[in-house]
There are 2 protein chains.
Amino acid sequence: MNKIDTRLLREIADLEGTPKGAYNIRKNGQLESRSNTANIEIVSKTDKSGIDIHIKAGTKNQSVHIPVIITETGLDELVYNDFYIGPDCDVVIVAGCGIHNAGDKTSQHDGVHTFYVGENSKVQYVEKHYGEGEGTGERIMNPQTVVYLEKGASIQLDTTQLRGVDSTKRYTKVVVKEEAEAVVNEKLLTHGKQVAESEMDVILAGEGASGRVISRSVAQDESQQIFYPRMIGDAAGFGHVQCDSILMGHAKIQAIPALTANHPDAQLIHEAAIGRIAGDQILKLMTLGLTEEEAEEEILNGFLG
Amino acid sequence: MNKIDTRLLREIADLEGTPKGAYNIRKNGQLESRSNTANIEIVSKTDKSGIDIHIKAGTKNQSVHIPVIITETGLDELVYNDFYIGPDCDVVIVAGCGIHNAGDKTSQHDGVHTFYVGENSKVQYVEKHYGEGEGTGERIMNPQTVVYLEKGASIQLDTTQLRGVDSTKRYTKVVVKEEAEAVVNEKLLTHGKQVAESEMDVILAGEGASGRVISRSVAQDESQQIFYPRMIGDAAGFGHVQCDSILMGHAKIQAIPALTANHPDAQLIHEAAIGRIAGDQILKLMTLGLTEEEAEEEILNGFLG
């Protein structure tokens with residue numbers, strides 16, 4: 001692990017050195033290090049690239065870190081990670097991908113994460129994406145996140161694209177059974193000529209299911225973003241989608257949500273707003289002594305922080 | 001004009017007898033009666049079915065009624081009506097279509113209305129759709145409404161589907177130039193096995209353009225509705241889309257709005273809500289002495305009225 005590795009791990013997983021608890025660190029397509037615990041077992045897949053993470057029933061207040069870093073130019077990988085979480089758990093899963101591309105070839109990580117969350121289990125999933133490097137090669141990340149929530153289970157997906165990702169295609173699907181709850185906090189920053197697309201299906205599949213999507217994005221420079229958040233009410237549940245986007249420079253943003261009420265007792269709400277930062281917000285901070293740029297940065301940090 | 005004609009005209013255009021001002025009444029595919037005024041001239045098209053309506057510059061506080069009624073079963077018509085509205089006008093245009101179908105064949109009216117609204121002109125366009133009749137034949141109406149607003153012009157589109165329309169495909173497009181303003185009030189009721197689709201493009205094409213869409217719908221019984229309201233910010237303008245839908249019986253509703261910010265100073269907002277009437281709203285009215293059905297009707301009238 002060199003200085004670049006350490007910086008990438010800090011950015012994407014808030015790690016200083018080795019994580020506590022179970023972990024699996026992947027570097028340049030290879031297993032760098034792994035640790036299991038009494039309740040959490042990580043097993044390499046044999047039929048394709050990726051790992052299975054088994055979390056025993058009743059596991060509480062434990063975490064698993066599975067960050068991925070790429071520092072080679074021209075590396076292109078597709079990884080399948082499956083999470084089997086027993087009933088009555090309360091766990092935090094920290095993923096994330098950092099690419100340092102110093103060369104002129106595209107480095108790409110595509111991750112397909114599938115979660116099977118047992119009855120009454122509670123999961124927080126944290127995923128950060130970050131790219132850097134002086135090379136001209138692109139940094140691409142295409143995550144797919146699929147979640148099946150059993151009765152009474154809940155998941156909070158905190159997914160963040162920090163910066164430096166040239167192209168991303170994100171797909172998220174959550175199937176929410178009775179009395180289960182899904183919360184998706186998506187944060188996304190693009191700059192330069194980057195492009196980002198985020199597609200999402202939250203399916204309220206059982207009575208009392210609830211889904212909430214909070215998507216916040218900032219598009220700077222010439223970057224382009226497009227969002228397709230879809231909330232499908234197949235049962236007597238409650239769904240709320242909220243998209244807020246800040247336009248800067250000459251960026252372009254599209255938000256195309258869809259509410260589908262297939263059940264007479266589905267209750268669905270959507271709100272979206274796209275616009276520049278309000279001038280009076282900046283002025284207010286400037287009267288407190290900040291420069292215009294500092295004020296803007298302060299507002300963005302508050303918005304995406 | 002018989003009793004049925006009179007009732008249809010009352011439903012769709014609030015008319016008791018002959019309208020004041022300019023008018024063109026179409027019945028079963030034929031001109032029934034027409035009246036021009038000094039400022040408003042109605043001319044039959046020669047190349048296809050339909051009329052051209054010319055409104056002179058500076059025409060103020062005048063109205064034109066162009067209702068369409070169909071009482072024959074099996075009649076299927078496609079009509080093009082073009083409105084040329086000079087600058088500095090302030091006029092009300094009342095359209096609408098009523099179908100009484102007593103037979104077993106489909107009766108269908110498809111109307112393509114195009115409005116060229118001159119600089120600083122103000123137009124209110126009122127259109128109501130209504131179907132009735134003891135026959136098994138379907139009543140179908142597919143309206144297309146296309147509006148070009150010159151600088152500083154404004155239009156308010158009040159379009160309502162009252163009831164009795166088995167199938168509708170609505171398309172509305174408004175191009176809003178600088179300092180112009182478009183307001184679209186759409187109200188739509190479906191019942192039985194009816195289907196309704198409404199697609200809309202509001203294009204903010206000039207600086208200071210503003211667009212506002214307020215769509216309210218009620219879907220009863222087994223009926224199905226789908227909405228595609230799209231707000232496109234190609235200039236420094238303001239767009240707001242609001243969709244509220246009430247689900248009843250076993251109806252299904254989809255709302256798929258799209259906000260597209262192509263200009264860094266476009267400001268776009270969308271809100272949508274789909275759900276049943278809140279139980280406490282009904283209870284409150286029942287404590288005032290209404291039955292449950294009366295309470296529901298009261299709420300729907302308030303919502304669509």
Run through the other copies and list how far each one's label point is from that of A:L304, in nm with one decimal, shortest first; the point sits 7 Å from Cα along Cα-Cβ.
-> 4.6
Taking amide H positions as placed 1.01 Å from N in the peptide plane, with prolines and chain starts having none, which residues 5 or more places from A:V94, or on another chain, fall under 5 Å of its amide H?
-> A:V64, A:H65, A:I66, A:V126
Between the stretch B:119-192 and the stretch B:194-213, how many Å separate their Cα centres?
-> 11
Any residue on another chain or 5+ positions along whose placed amide H is under 5 Å from the amide H of A:V174 is listed here as A:V147, A:D201, A:V202, A:I203
Over the Cα atoms of the protein assembly as shown the radius of gyration and the largest Cα-Cα distance (Dmax), both in Å, equal 28.9, 91
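What is the ratio of the Cα radius of gyration of chain A to 2.2 N^0.38 Å, with N the residue count, to two decimals?
For chain A, the normalised Cα radius of gyration is 1.02.
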Treating every alpha carbon of the stretch B:92-232 as one equal point scatterer without solvent, the Debye formula yields log10 I(q)/I(0) values at q = 0.09, 0.17, 0.21 Å⁻¹ of -0.29, -0.87, -1.18
Could you name the residue in chain A with the C-beta closest to the rotation axis that superposes chain A on chain B, along with the separation in whole Å?
-> A:E271, 3
At q = 0.09, 0.16 Å⁻¹, what log₁₀ I(q)/I(0) does a Debye calculation on the Cα points of the stretch A:166-305 give, no solvent, two decimals?
-> -0.33, -0.82
Do any GluC sites (Glu not before Pro) in the stretch A:97-136 lie in a loop, going by DSSP, with at most 15 other beta-carbon atoms within 10 Å of their beta carbon, and if so which?
-> A:E134
Evaluate the charge dipole of the stretch A:166-305 about its Cα centre and quote only its size in Debye, nearest 20, assuming +1 on the Cβ of each Lys and Arg and -1 on the Cβ of each Asp and Glu.
-> 300
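Only Lys, Arg, Asp and Glu count, each charged at its Cβ (+1, +1, -1, -1), so figure out the dipole size of the protein assembly as shown about its Cα centre, rounded to 20 debye.
320
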Looking at this model, which pairs from A:K56/B:K252; B:K122/B:K187; A:K27/A:K187; A:K173/B:K177; A:K193/B:K151; B:K27/B:K177 are more than 29 angstrom apart at the alpha-carbon?
-> A:K56/B:K252; A:K173/B:K177; A:K193/B:K151; B:K27/B:K177
The stretch A:218-232 - phi-based ³J(HN,Hα) in whole Hz, Karplus 6.51/-1.76/1.60, Gly and Pro as x = 10, 10, 9, 6, 9, 6, 9, 10, 9, 10, 10, x, 10, 10, 10
Bridge orientation stat for chain A from DSSP, antiparallel percent rounded to 5, came to 5
Taking Cα pairs closer than 8 Å and at least 6 residues apart, the relative contact order of the stretch A:1-144 in percent is 23
Label spacing, shortest first and in nm, from A:K173 to its equivalents in the remaining copies (7 angstrom along Cα→Cβ) | 3.5
Would you mind pulling out the separation of the Cα centroids of the stretch B:1-45 and the stretch A:249-305, in Å?
-> 49
When the C-alpha atoms of the stretch A:1-84 are aligned to their principal axes, what extent does each axis show, in angstrom, from largest down?
-> 41, 32, 15
Note, ³J(HN,Hα) from phi for the stretch A:178-191, Karplus 6.51, -1.76, 1.60, rounded to Hz, x at Gly and Pro = 4, 6, 8, 9, 10, 10, 10, 9, 10, 10, 8, 10, 10, 8
Taking the Cα centre of chain A as origin and charging only Cβ (+1 Lys, Arg; -1 Asp, Glu), how large is the dipole, in debye to the nearest 20?
-> 440
Can you tell which of A:S215, A:S121, A:S44 shows the greatest fluctuation in a Gaussian network model of chain A with Cα springs below 10 Å?
-> A:S44
Over the stretch B:242-294, one equal point on each Cα, no solvent: what is log10 I(q)/I(0) by the Debye formula at q = 0.16, 0.20, 0.27, 0.31 Å⁻¹?
-> -0.67, -0.82, -1.05, -1.16
Positive-pole candidate from B:I246, A:T291, B:Y171, dipole of the protein assembly as shown, charges at beta carbon = B:Y171
Average partner chain C-beta neighbours within 10 Å, per residue of B:273-281?
-> 4
Label points for A:N28 built 7 Å along Cα→Cβ; distances to same position in the other copies, nm, shortest first, come to 8.6
Would you kindly derive the ³J(HN,Hα) couplings of the stretch B:162-170 from the backbone phi angles with the Karplus curve 6.51 cos²θ - 1.76 cosθ + 1.60 (θ = phi - 60°), listing them in order in whole Hz, with x for Gly and Pro?
-> 5, 5, x, 9, 5, 8, 9, 10, 9
Taking only C-alpha pairs under 8 Å that are 6+ residues apart, what is the relative contact order of the stretch B:3-278 in percent?
-> 11
Take every Cα pair under 8 Å in the stretch A:166-305 that's 6+ residues apart, average their separations, divide by the length, and report that relative contact order as a whole percent.
-> 20
Could you pull out the GluC sites (Glu not before Pro) across the stretch A:1-97 that fall in loop regions by DSSP (anything but H, G, I, E, B) with no more than 12 other Cβ atoms inside 10 Å?
-> A:E16
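Expressed as a whole percent, how much of the Cα-Cα distance distribution for the stretch A:1-144 exceeds 25 Å?
Percent of Cα pairs beyond 25 Å in the stretch A:1-144: 26.
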Note: A:45-58 gets an average of partner chain Cβ contacts (10 Å, Cβ to Cβ) equal to 0
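Bear in mind that the values in this text are calculations on the coordinates, not laboratory data. The model shown is predicted, which means the values in this text are computed figures rather than measured ones. Reconstructed Cβ throughout: ideal geometry from the backbone, glycine too, with neighbour counts over all protein chains shown.
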